[in-house]
Amino acid sequence: MPAPDNIPIQRLLSEAKSRFKAILASLDADLDTDKVAEICAGHHHVRENPIREIEPERDEVSAMASAVSVEVRIPLPKELKRIAINVASLSLKSPYRAFVASLFIRRLLNRLNESYAQLFQEKFGLRELHIKYVFRQFEPFSEDPNVSYEDGGLYVEIPVRSPPSLEGLIIEHHYLPTLERPSLSINGRHVELNLRFSDALAFPIIEGEEITLWALAPVEALGRGQELRARLAAAFEEAREKALEDILSLSGVKSELIANMRELLPEELSEYKPAGPEEPKCMFCGARASFRVAKSLERFVDVDRIVAFNIMACAPCKLAYDIENARRAGAPLCITPLPATPNAVELLGEFETLIQDFRTRGISILTHQLPPVKTALEEPWARILSWIFYHAVLRDPDEFGLTMLKSLKDFDAALFRFFLARKVMLYPFIFTIRPGAMISAWTTTGKKKFVLNLDVASEFVVLPGAERDLTLEDLDALTPLAEKGKNSIRKAYTTIRSIYGLG
Amino acid sequence: MAMGGISDGDAKRLIEIIDNMVNWADRAFNAIRMDKWKILAKRIMAGSGTDIQEFVHNVVRDIAGDKVLLSKSVGDAINDLLTRLSQEEQLELIRYVKRRAYPLVVRLVAEKAAEKSGEEGGA
């Protein structure tokens, strides 16, 4: 919103409230628009709102300008607890444990989506949310969004005053309650992204040998925060139990194991307990083992990955071993996107001109210093970016989250250009990102049993290959191809697949 | 993209020289011709030499044995690199190419395909 620097904050908030009220007028029958407009206009100025810690009042901005940096890591768990709930912490002590963690997170995101959707429906009458950004040039300098509500669906169309190069760009975000996985379609300048609520509100973090899934929740000190947070916490607990059941109902799990697994898996997955002196050790991770995995050690060739030379395993390793065993002739790759990291940022060239244009008309606009601070609230979006990065080259996963590279028939040149260049516009900034993922893969050669290979969030290996892993360094060297025409791009894709030996 | 005095263009030219010197049409390569780019990338990555000439010689011999073609244009291309680049720059180019052998081969193949179809940039 344009805001001359010398207007007192109270007047600014009052003007903002009036404007929000006008925007929300069409919802008068369904909403206390006066209250909502007040919240929209003023929530960043409420002292208890943690956003205040990174968005100081205007008179503090200049002092802060020199302190911002592009790569601000998310806060420590203690601080994160104010704005998010720790839904699950899972041990990554062995490649098999990491594979089960991937399976679990995949299902948990679906169940968390149900939790959010239920809360939004019951408390706010919101079933679906549709946001449409329309980039165009318009006069005067700002135009109000169009807001409408129909049958539980909230539709917001936001005009974005764009420089000529972005004219006609339409970006739509659809947040849906029953979506199984995100999807993306690009049709010329029209981009549509279908997401679960949980995609935009939950994110995993890896710390050491543990992955934690956080789900954003209301701050207790704000309004009805306490009540809503307690409600969500209970729903997340239920979601976790359902996600575990979902895993046990996968077709790779033998029915005779399910009762034992149900008893042992939740605890063993979240907590790594090394076997005591007299207890059998898991051959893959060294935890207390309760399951037999093979008739003999003769099948195994990865001696360096065997922690204890027996044929026993803990619940998570046994589960992953059985799934892998049942599927090893098929799809060999499981990729769980993790939040991407921005590693470079520049201002869209034409935006400078736009700002100059404002200034010559005596209008100043509030905008972030360059570059903006990355906060925990951006982590889900950073994860979505990693998802898009992998979605550019991978088929939709099966029930185990296992996938393969796209065939040339399904190849999308625009998405592959993003894969090569990794440039993201957070208007008006252009970020280059480093995608992150937890990768599980195994080899399929011969009859010998290879233990699952894994590259946990190395932020280095992008895709494991039979011939050679495709690394970020390789991708940097491939980036100039993003500027090439369709034939080059297609040829590059097939050549990468063939010479790296990608699945 | 470039590092020090090294350009991607020189790096791709060096790979092209090696590719052109291997007589891929020879019957001895029938069984592996499909994998020629993979072989090229792998051998370049593993190649060695104290200057460009030695590097090219070692990699080509490693791939092709005596199934080698040396044309006037390839000779000119080698000469061009030898005259333009100092000993130090040649070593730098070798290191650059070895480190990026796989992606540079991909780019070479993709750009050749574009040339063949008369395509220009189109992002």
(message) Please list, ordered by chain and number, the residues whose modelled amide H lies under 5 Å from the amide H of residue A:333; skip anything fewer than 5 residues away on the same chain.
(response) A:403
(message) Could you tell me the calculated FRET efficiency between residue A:299 and residue A:249, based on Cβ-Cβ distance and R0 = 25 angstrom, to the nearest 0.05?
(response) 0.35
(message) Please compute the length gained on full extension between residue A:123 and residue A:45, using 0.36 nm multiplied by the number of residues separating them and subtracting their Cα-Cα distance.
(response) 25.6 nm
(request) Please express the Cα-Cα pair-distance distribution P(r) of the stretch A:131-217 as a list of whole percents, one per 5 Å bin, running from 0 to the bin with the greatest distance. (result) 3, 12, 16, 18, 17, 13, 10, 7, 4, 1, 0
(message) For residue A:344, what residues show an amide H to amide H distance below 5 Å, using hydrogens built from the backbone and excluding near sequence neighbours?
(response) A:432
(message) Just to verify a number: FRET efficiency for residue B:99 and residue A:347, C-beta to C-beta distance, R0 = 35 Å, to 0.05?
(response) 0.60
(request) Show which lysines lie in cross-link reach of residue A:17 when reach means a straight Cα distance below 28 angstrom and same-chain residues fewer than eight apart are skipped. (result) A:35, A:123, A:132, A:374
(request) Pop a pseudo-label 7 angstrom from the Cα along the beta-carbon direction at both residue A:256 and residue A:82 and give the gap in nm to one decimal. (result) 5.5
(message) Sorting check: for A:90-101, B:61-72, B:35-46, which peptide has the highest mean count of neighbouring beta carbons within 10 Å, and how do the rest follow?
(response) A:90-101, B:35-46, B:61-72
(request) Report the one residue of B:60, B:30, B:86 whose Cα lies farthest in the direction of the positive end of the charge dipole of the stretch B:2-110 (charges on C-beta: Lys and Arg +1, Asp and Glu -1; origin at the Cα centre). (result) B:30
(request) Per residue of B:34-41, count partner chain C-beta atoms within 10 Å of its C-beta, then hand back the mean as an integer. (result) 3
(request) Hand me the GluC sites (Glu not before Pro) from the stretch A:235-297 located in a DSSP loop with no more than 11 other Cβ atoms within 10 Å, in residue order please. (result) A:278
(message) I want to check the label-to-label distance for residue B:69 and residue A:395. Put each point 7 Å from Cα in the C-beta direction and report it in nm to one decimal.
(response) 3.8
(request) Find the centroid of the Cα atoms in the stretch A:110-162 and in the stretch A:211-289, then give the distance between the two in whole Å. (result) 33
(request) Output the pairs from A:423/B:12; B:36/B:67; A:486/B:116; A:406/A:486; B:12/B:42 with a Cα-Cα distance over 18 Å in this structure; if there are none, say none. (result) A:423/B:12
(request) For the protein assembly as shown, list log₁₀ I(q)/I(0) at each q in 0.05, 0.09, 0.11 Å⁻¹, using the Debye formula over Cα point scatterers of equal strength and ignoring solvent, two decimals each. (result) -0.29, -0.89, -1.20
(request) Grab the beta carbon distance between residue A:467 and residue A:238, set R0 = 60 Å, and tell me the FRET efficiency rounded to 0.05. (result) 0.85
(request) Count the DSSP beta bridges whose two residues both fall in the protein assembly as shown, then state the antiparallel fraction as a percent rounded to the nearest 5. (result) 80
(request) Excluding residues fewer than 8 places away in the same chain, name every one of the lysines whose C-alpha is closer than 22 Å to that of residue A:318. (result) A:93, A:242, A:254, A:273, A:281, A:295, A:447, A:448, A:449
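Quick note: the coordinates plus some simple rules give every number you see, no bench work behind them. These numbers come from a predicted model, not from an experiment. Positions of Cβ are backbone-derived with ideal geometry, glycine not excepted, and every protein chain shown enters the neighbour counts.
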